[in-house]
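Every read-out reported here was derived from the displayed coordinates using simple, explicitly stated rules and does not represent laboratory data. Everything numeric in this text was worked out from a predicted model, so none of it was measured. Heads up, the Cβs are rebuilt from the backbone with ideal geometry, glycines too, and the neighbour counts pull from every protein chain shown.
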Amino acid sequence: MGFNRVNTKVKIKEIYSVINSVKVVPYIFVLPFVITFLVFFLYPIISSVIMSFQNIEGFRDVTFIGWKNYRNLLNPHYYNALRVSFLYTFLTIAILIPFPLVLAALLNNKLLRGRNIFRSSLFMPALTSVIVAGMFFRFAFGTQPTALFNQMIGVFGLSPITWLQGRGTGMLALVVLCVWRWTGVNIVYFLAGLQGIPQELYESADIDGANSLQKFFNITIPSLKPVIIFVITISVFGGFSMFAESFAYWTSRSPGDIGLTLVAYIYQTGFNNNNFGFASAIGITLLIIIMMVNVLQLNLFGFFKKD
Amino acid sequence: MRTKTKHSKSGSYSSFIIFTFICIIFLAPFFFMLVTSFKPGQEMLSKGLTLKMNFDAMTLNNYKIIFFEDNRYLTWYKNSLIITALYTVLSLFFSSLVGYGLAVYNFKGKNLIFFIVLLVMMVPLEILLLPLYRLMITLNLMDTYLGVVLPFAVSPFAIFFFRQYIIGLPKELIEAARVDGCGEFRIFFKIIVPLMKPAFGAMTILQALTSWNAFVWPLIVLRSADKLTLPIGLMSLLTPYGNSYDMIMPGAVMSVIPIAIIFLLNQRAFIEGLTAGGIKQ
């Protein structure tokens, strides 16, 4: 009995020292990620690829149909979703890089009074959820002449617009929502980058007699290149995976599909029409698009060049 | 020299005016949401969100409804709090462990795992919605808090953040503790964790905000009315009949106020959480 107990104690100690050895311990630390990656990432991706070649009705009726789902992508809804997603991504990047960049450069001026209050105020919208912000804009873009944006254009003598029912104005409403929520975040990114630029660069430019515009384009922008690349990269993900904004405005179906983004299309075919195979095919093309756009973008900015 | 300072001073005056103007525009939606939350919901349905303010017609009735009469709102609030707490605790715990493993040790496969962390960060979760949904059904996690939290509990962004932070800590502390015969887990929990307080602070805020505002995944997992979170619950009020419109704006306002308070008290942690992961590479 006593001998046995000592034996198990020794065993436990042995096991503990093996677990605690520098050879084994790192794997225990990273284990949570490895498990999550395998179960909630790798497996879903693989099953998504497989599903994209299947016709799935319910859960049991699964037939392999080759490339048919991908051929079915050649339809007006998919083209529309591509157009909406590309345009939205393009417009949000076209605004959410230069606008916050200029504001951040202005905020970086130590002589500016109240700069912390300005920075915090511009950041506040980022605290709201897409749904809360969407609720505000949904009713502010109301069709009634009394709704906020119609009142505002009324000041200039324009007649009321049915904002959320037109293609152009619907896109405008989506972009406005995004710009409101993200300007402050991008300002914070650019400010962090600006604070890393050595002051001597500006001083020597002063000696050479450069004006502030020249300094902005020849020192500030080139020095911020890594930050700009980072912000574009996250904007590409955000833009192409946009869905909640559209859902907040139109729920799952919008007039004339003006809010049908690629992810909205996945949601619609997958969860409303239960066509999982086809929805998976859309998802795979979306993944490929995002990867391609980012590689292209990074190439364009010479990210892969070693200099 | 004098002309130069004069020049940038006048520049700072004009940017002061520009920023005052822009900030008013950016803060206006909060003001309008607050004002509208005191108006009858029927008015928002018929007139849209409007500039006109009739202070006599304003009432606290909407707030009475969400807090005392219609118990749906407090249920959503409770669900959001539970899910946020669960997600934040799990993701901080697991991600700091992984971040430590990647920062401190040299082991076979380390670079591969770190590469995968970065890769996962690059793929939007929306692409995985369908297969994850099927997985949740198989695992019997549909309509549960755990189903909302578990797939994203080990956050690659948080791992990356913690790894960067731990790399910046002095290695001598760990060496000294090893010499003293301290076990590896004890080193992490007793020596490293206390040093990571600022990192935990920044990540707590960021992860809690992400989870509090999450919409797409909870929308898919949560099904029954008593499980909904705030964003989903608020969306469910938008019926064409408009019988619950009284609850929309006060509900939206009350979901933002706690976050706004936490933000105003911990601005530095917010901003560190955002920037450190992305830029200090």
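Brief remarks follow.
- Here each label is just a point 7 Å from Cα along the line to Cβ, and for A:Leu201 and A:Ile117 those points are 3.2 nm apart.
- As a proxy for reagent exposure, ranking B:Met53, B:Met247 by other Cβ atoms within 10 Å from fewest up yields B:Met53, B:Met247.
- Long-range HN-HN contacts of A:Gln54 with modeled amide H, under 5 Å: A:Ile65
- Radius of gyration, Dmax [the stretch B:2-64; alpha carbons; angstrom]: 19.6, 61
- Exposure proxy shown here: for A:Tyr70, B:Tyr73, the number of other Cβ atoms within 10 Å sets the order, fewest to most, as A:Tyr70, B:Tyr73.
- Whole-Hz ³J(HN,Hα) from phi, Karplus 6.51 cos²θ - 1.76 cosθ + 1.60, for the stretch B:83-88, glycine and proline x: 5, 4, 5, 4, 5, 5
- Helix B:156-167 and the long axis of chain B differ in direction by around 50°, with both axes built from C-alpha atoms.
- Hull-based mean projected area of the stretch A:248-307, where the convex hull spans the alpha carbons, in square nanometres: 5.7 nm²
- Flagged links, alpha-carbon separation over 28 Å, of B:Lys108/B:Lys171; A:Lys225/B:Lys108; A:Lys225/B:Lys197; B:Lys110/B:Lys197; A:Lys9/B:Lys197; B:Lys171/B:Lys197: A:Lys225/B:Lys108; A:Lys225/B:Lys197; A:Lys9/B:Lys197
- In Å, descending, principal axis extents of the Cα set of the stretch B:1-148: 67, 66, 26
- Label reach from A:Leu300 (point 7 Å along Cα→C-beta): in the stretch A:87-122, amide nitrogens under 13 Å belong to A:87, A:89-95, A:97.
- For the stretch A:126-248: rounded, prolate or oblate by the Cα gyration tensor [a/c cutoff 1.5]: prolate
- Using the Cβ-Cβ distance between B:Thr20 and A:Ile45 with R0 = 56 Å, the FRET efficiency computed as 1/(1 + (r/R0)^6) comes to roughly 0.70.
- When the alpha carbon gyration tensor of the stretch A:70-300 is reduced to an equivalent ellipsoid, its three semi-axes come out at 37, 24, 14 angstrom, largest first.
- Zero-based 5 Å bins, Cα pair distances in chain B, whole percents: 1, 5, 9, 11, 12, 12, 12, 11, 9, 7, 5, 3, 2, 1, 0
- Aspartates and glutamates whose Cα lies under 19 Å from that of A:Lys215, excluding same-chain neighbours fewer than 8 positions away: A:Glu200, A:Glu203, A:Asp206
- Ratio of Rg to Rh over the stretch B:47-130 (Cα coordinates, Kirkwood Rh, two decimals): 1.29
- GNM flexibility winner over chain A from A:Ile290, A:Ile95, A:Ile197 (Cα, springs under 10 Å): A:Ile197
- Three-way shape call for the stretch A:167-307 based on the alpha-carbon gyration tensor, with the a/c threshold at 1.5: prolate
- Where labels lie 7 Å past Cα in the beta-carbon direction, separation of A:Thr251 and B:Ile167 in nm: 4.9 nm
- For the stretch B:180-270, applying the loop criterion from DSSP together with a ceiling of 16 other beta carbons within 10 Å to the trypsin sites (Lys or Arg not before Pro) yields B:Arg223.
- At full extension, B:Phe200 and B:Phe93 could sit 37.6 nm farther apart than now, given 0.36 nm per residue minus the alpha carbon distance.
- Orientation-averaged projected area, Cα convex hull of the protein assembly as shown (nm²): 35.4 nm²
- Residues considered: A:Ile46, A:Ile117, A:Ile12. Largest GNM mean-square fluctuation over chain A, using C-alpha springs under 10 Å, is found at A:Ile12.
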